[in-house]
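Values quoted throughout were computed directly from the atomic coordinates according to the rules given, and no laboratory measurement underlies them. Note that the structure is a prediction, hence the values are computed from the model and not measured. Positions of Cβ are backbone-derived with ideal geometry, glycine not excepted, and every protein chain shown enters the neighbour counts.
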Amino acid sequence: MPREKFHTLTEPMFYILLCLRKECCGMDIMGQVEKLTSGRVKVGPGTLYNLLEQFLSAGMIEETKVEGRRRSYILTHKGNSMLEDEFKRLKTLVSDYQMLTGEEESV
Amino acid sequence: MRMIKHRREEFLLFDYAGVEKHLVKMAAKGWRLVDIEFGTWTYERMEPAKIRYSVTYIPTVSAFDPAKTAEKDRMDEYCKIAGWEKVADWNQMQIYCSEDPEAVDIETDESVRLEAIRKSMRKTFLVSNILLLCVFAIQGCNQRLSYRVNPVSYLSQNSNLIAIGLIVFGITVTLINLLYYLYWINKSKRLIAEGGRCAEVRFYRPFAYGSLAIVLGILVIYIFSFTSGDTTLLFLGALAGLFLIIYLVRKTSVIMRRKGVDQLLNKIVTFIVDIVLAIVLVSVIAWAGTKMVLDDEKEYEIFISGDQEWHIYQDEIPVKVEDLIDVDYEHASYVTRTENESILLKFGQYMQQSYATDENTYYMSMDYDVVEVKADFLYDMCLEGYLKRYDKYDDWGRYDEIDIYESAVIDRLYQMQYDGEYGNEWIICSDDLIIWLYADWELTEEEMEDFVLAASKKV
């Protein structure tokens, strides 16, 4: 059975949505993600562009303002709940790992 | 020293990796891509350099969009921030370059890249290939209709055989393209699910150049198969006209793109220009073809018998009435109606009309086809075409096989029968010949043998 779109988020998806919890211009997202992850996760411009388009058409984000080439977006209720779902999923993974390995603080 | 180079590059629209590698190689050789137009890639000379190229896709843009659109501007801006400069675009494909080895890759999520490619291909690659398949299918149906009207006449013309060859080849190549795309998509999905990248496109460029060479080869053979210089000129003119139309239609679209004309208006104007130019080309070809036929009209004498006027032609025909019976007609018209030869068979339609000066005297005439089947496997099919030629008429007669005495010349003989009565219409099979004959008198078997011998010598 095909996996539902955005049921699980890739790292670039996760961090872009995370950045858009507050209104943010598309151009600034690449820098924000890099800063947030200390350079571990990098979002390329093509990936950013196409993900923003996909999030928009899925109703996960909405455009807030357009100033020349600068477009700003913010997470919608749907986007927010998907981000929360992903967070819960990740937390479950972590908790399962901790339960089986007994490692709590080190993770 | 040449500073600009134009090349026709054969890439599948989804082969981003192939394009990237190719452009890196070209830059290393000192050629930087500056533009893509009409499928022609333009390179400018520069100092050989190590330049990175990266390709991405904007599924929502079209080849008919203005050169600058909000979507392209936005993508260009994002890429610029990441250190990439726009080089050119080809439909939804956007090409960027960077001299910074540290610049972040344009695509950092393979599943997103694949999704963008899939959406882009649905809009361009799939639509154009499916349309092409439909065009080939329609052409195939047209050819089948022509074949069914008269299979022998159809197969005796190399132009028809070449048309079939090109249609079959076109369908095969288009299907390979479509199937290869489906294979590539599925393989890429699997690789990405395993944590890898989109699949590489392999062997397409040699396949594309090979296909192009085959089409050119077929066209060259076709051109050399013409026996008349006028026909060669007409064909070359039509081909040049076709290329001119393609150029003008594309140029129209590109000029409108550059002037920032809206996508819908660009599509409408391009479509109208295409239709108008196609009508002009077809009209010019039809006019030139008709003129050629009229200019080529055979000379004839006029013979008047009573109040009737007859045209007397003196074509060389394989068999005359005089070859079969002991007569000497002063006024007879010998006409070659058709004479075609292909690699499969040779087909001629001939007739002799004999006219007496005295209206009450009747001279013998005849009408016949001679088919020389070069490809053995076609013999029965051609014969069947003749035997069934009147099947569509309910009240017409049918051909019956006639017993013949041991003939060294005739293998099989059929005669037309109308309601139990035989008419003077035969189909004679002899070796690789099929002869359909209608005569004003009932030929004896000896006359038929003479006919076959005369026809086989001259065909």
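Global dimensions of chain A from alpha-carbon coordinates: Rg and Dmax equal 15.4, 54 Å. Only lysines eight or more places from residue B:291 in sequence, or on another chain, were considered; those with a Cα closer than 27 Å are B:346.
The average projected area of the stretch B:58-204, computed from the convex hull of its Cα atoms over all directions, is 12.0 nm².
Where the alpha-carbon atoms of the stretch A:57-107 are placed on the principal axes, they occupy 53, 20, 13 Å, in descending order. Sorting B:34, B:319, B:24 by the number of Cβ atoms found within 10 Å of their own Cβ, with the fewest placed first, yields B:34, B:24, B:319. Comparing Cα centroids, the stretch B:383-433 and the stretch B:357-380 end up 13 angstrom apart.
Based on the alpha carbons, how large is the Rg to Rh ratio for the stretch B:261-305 when Rh follows Kirkwood? Rounded to two decimals, Rg over Rh is 1.50.
The orientation-averaged projected area of the convex hull spanned by the Cα atoms of the stretch A:10-54 comes to 2.8 nm².
The orientation-averaged projection of the convex hull spanning the C-alpha atoms of the stretch B:159-213 amounts to 4.0 square nanometres. Each of B:433, B:345 has some number of other Cβ atoms within 10 Å of its Cβ, and from fewest to most they run B:433, B:345.
Around the amide H of residue B:305, modelled in the peptide plane, lie the amide H atoms of B:310, all under 5 Å away and 5 or more residues distant in sequence or on another chain. Please report, ordered by residue number, every helix of chain B (full DSSP H runs) that is 30 Å or longer along its axis going by C-alpha atoms and whose mean Kyte-Doolittle hydropathy reaches -1.0. Span-like helices in chain B: B:125-149, B:158-193, B:204-225, B:229-258, B:263-295. Computed with the Debye formula from one identical point scatterer per Cα of the stretch B:160-249, without solvent, the log10 of I(q)/I(0) at q = 0.15, 0.17, 0.19 Å⁻¹ comes to -0.76, -0.88, -0.99. Rg over Rh for the stretch B:357-400 works out to 1.19, both radii taken from alpha-carbon positions and Rh defined as the Kirkwood radius. May I ask for the Rg/Rh ratio of the stretch B:38-118, computed from Cα atoms with Rh as the Kirkwood radius, given to two decimals? Rg divided by Rh gives 0.96. Using the Stokes-Einstein relation with a Kirkwood hydrodynamic radius computed over Cα pairs, the translational diffusion coefficient of the stretch B:105-161 at 10 °C and a viscosity of 1.306 mPa s comes to 108 µm²/s. Remark: C-alpha extents of the stretch B:282-330 on the principal axes read 51, 31, 13 Å, sorted largest to smallest.
The lysines whose alpha-carbon is closer than 16 Å to the alpha-carbon of residue A:88, local same-chain residues fewer than 8 away aside, are A:78. Averaging 1/r across all pairs of distinct Cα atoms in the protein assembly as shown and inverting the result yields a Kirkwood radius of 30.4 Å. Cβ crowding within 10 Å, taken as a proxy for footprinting-reagent exposure, orders B:300, B:313, B:57 from fewest neighbours to most as B:300, B:313, B:57. Derived from the Cα gyration tensor, the three semi-axes of the equivalent ellipsoid of the stretch B:181-338 are 57, 26, 13 Å, largest first.
Distances between every pair of Cα atoms in the stretch B:1-86, grouped in 5 Å steps from 0 to the bin holding the largest one, split as 3, 12, 20, 24, 23, 13, 4, 1, 0 percent.
Computed from the Kirkwood radius of its Cα pairs, the Stokes-Einstein diffusion coefficient for chain B at 37 °C and 0.692 mPa s stands at 118 µm²/s.
Each 5 Å bin from zero holds the following percent of Cα-Cα pairs in the stretch B:321-373: 5, 18, 24, 17, 14, 10, 6, 4, 1, 0. Semi-axes of the equivalent ellipsoid for the stretch B:1-145, computed as √(5λ) from the eigenvalues of its C-alpha gyration tensor and ordered from largest down, come to 30, 20, 13 Å. Once the mean of 1/r is taken over each pair of separate Cα atoms and inverted, the stretch B:339-459 shows a Kirkwood hydrodynamic radius of 15.4 Å.
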